[in-house]
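What follows is one structure encoded as structure tokens, with my remarks underneath.
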Amino acid sequence: SRRISARVGGIAESATLAVDSKAKALKAAGRPVVGFGAGEPDFPTPDYIVEAAVEACRVPANHRYTPAGGLPELKKAIAEKTLRDTGYAVEPAQVLVTNGGKQAIYEAFATLLDPGDEVILPAPYWTTYPEAIRLAGGVPVEVLADETQDYKVTVDQLEEARTDRTKVLLFNSPSNPTGAVYDRAETEAIGRWALDNDLWVLTDEIYEHLTYDGAEAPSLPVVVPELADTCVVVNGVAKTYAMTGWRVGWVIAPQDVVKAATNLQSHATSNVTNVAQRAAIAAVSGDLAAVGTMKEAFDRRRRTIVSMLNEIDGVVCPEPKGAFYAFPSVKGLLGRTFDGVTPTTSAELAELMLDKAEVAAVPGEAFGAPGYLRFSYALGDEDLVEGITRLQKLFA
Ligand code: PLP
């Protein structure tokens with residue numbers, strides 16, 4: 001018999017975290033690595049949120065368990081924030097507070113899927129989705145949208161992938177890894193298609209506030225209100241409030257789904273850290289000034305990285321409209337020789353970049369899209385320019 005179960009043994013290491021840890025290890029060894037790997041804002045959590053947590057720490061009652069599904073005050077604040085930011089009216093009983101958006105995604109799929117149920121997964125996709133689907137017994141069905149369609153799937157493509165086992169559509173706008181943002185008409189068309197075909201939609205809105213050039217990312221159940229009964233929204237404080245390490249996210253879903261997912265969480269992890277939930281109350285009930293400031297910096301870096309990448313012969317980088325990632329095609333670099341090495345895949349190219357230029361980016365293989373690289377531009381402006389300049393020299 002095998003030591004590790006097939007179910008868990010089949011899970012791949014998170015490629016994004018792997019690249020980041022390799023880059024950090026090289027950095028710790030004194031090498032001047034520029035890291036485009038990590039998907040986290042380089043800003044500190046705003047002071048008023050930190051202060052709320054510090055104060056909460058001093059109150060002994062906050063050292064105790066909370067209800068497994070989250071503090072009632074936080075659920076209420078999340079419901080209010082959701083209405084304020086997207087126009088989606090929900091009850092606190094439709095909210096489950098989770099250990100980051102990641103746990104929200106795992107629990108949502110575990111709650112919705114039976115073995116063999118298919119999930120339509122637009123690719124390039126965030127690396128965690130297929131693992132969460134498979135662990136829940138589901139089958140990810142990939143639908144690829146490349147740079148010629150701005151990395152956005154069409155209803156025709158979705159319809160082609162649909163079978164009588166399809167239960168859920170995954171929707172993520174703004175997208176990690178491509179930065180693509182579906183506009184209102186595109187969102188509505190996809191939502192109507194899901195509704196007409198009795199599908200559930202899991203919509204991951206974690207980058208909702210990071211859009212550029214006036215792009216808007218409307219919330220799917222607001223654009224198609226009839227979807228509310230078969231829609232699961234995932235969100236969290238990580239990206240909007242620079243709170244990746246605090247581990248607070250949530251699920252918004254119909255009450256029966258939230259109740260079942262809460263039962264699961266009550267046995268798996270119980271409540272999210274009490275004081276982190278109190279920090280999250282301060283975050284979601286405060287204003288959006290801090291994310292506005294971050295967005296200005298991200299927008300500036302976005303313009304810089306896109307134009308610098310496109311100056312490299314063999315690289316094609318469409319302009320991302322959201323999140324903080326650039327996702328160029330590097331197919332034009334494959335098969336060519338740089339510094340004595342001839343990469344034939346984007347994974348080999350990423351290795352070459354790290355070895356020869358000490359620049360870390362995540363290969364498209366991690367996102368179901370070989371031939372591409374993901375660059376997070378959530379790093380300092382100077383580092384960004386230094387890193388891409390090194391690549392321009394390497395690939396000259
Ligand atoms: N969804 C997407 C698309 C993400 O990129 C991330 C983080 O990288 C998450 C969800 C989950 O974030 P967290 O678990 O830190 O809240």
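FYI, it's all coordinate maths here, none of it is from the lab. Please read all numbers here as calculations on a predicted model, not as lab measurements. Glycine gets a Cβ as well: all are built from the backbone with ideal geometry, and neighbour counts include every protein chain shown.
Values for this structure:
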item	result
Surrounding net charge for PHE324, when Lys and Arg each add one and Asp and Glu each subtract one, Cβ distance under 11 Å	+2
Rounded to whole Å, sorted largest first: equivalent-ellipsoid semi-axes of the stretch 76-192, Cα gyration tensor	24, 20, 14
Cβ-based charge dipole, the chain, positive-most Cα from THR230, THR342, PRO174	THR342
Whole-angstrom gap from the stretch 266-303 to the stretch 161-200, using each part's C-alpha centre	25
Which of GLU142, GLU226 has the fewest Cβ neighbours within 10 Å, and the rest in rising order	GLU226, GLU142
Fraction of antiparallel bridges per DSSP, the chain only, in percent to nearest 5	45
Over the chain: helical MRE at 222 nm, DSSP H runs n ≥ 4 each giving -39500 (n - 2.57), nearest 500	-12000 deg cm²/dmol
Among beta bridges that DSSP assigns inside the stretch 52-285, antiparallel share in %, nearest 5	30
Cα centre as origin, Lys/Arg/Asp/Glu Cβ charges: the chain dipole, Debye	1320
Between the stretch 318-344 and the stretch 216-251, the Cα center-to-center distance that results, in Å	31
Cα gyration tensor shape for the stretch 52-285, rounded if a/c is under 1.5, else prolate or oblate	prolate
The stretch 246-363: relative contact order as a whole-number percent, Cα under 8 Å and 6+ apart	12
Packing-based exposure ordering (other Cβ within 10 Å, fewest first) of TYR65, TYR212, TYR48	TYR65, TYR48, TYR212
Sorted by Cβ neighbour density within 10 Å, fewest at the top, the residues SER376, SER270, SER5, SER219	SER5, SER270, SER219, SER376
Pairwise centroid distance, computed over Cα atoms, of the stretch 19-34 with the stretch 90-149, Å	31
Range of Cα positions in the chain per principal axis (Å), largest first	59, 55, 54
Efficiency of FRET from Cβ geometry, ARG300 and ALA189, R₀ 45 Å, rounded to 0.05	0.85
Top of GLY101, GLY69, GLY380 by mean-square fluctuation, Gaussian network on the chain, Cα under 10 Å	GLY380
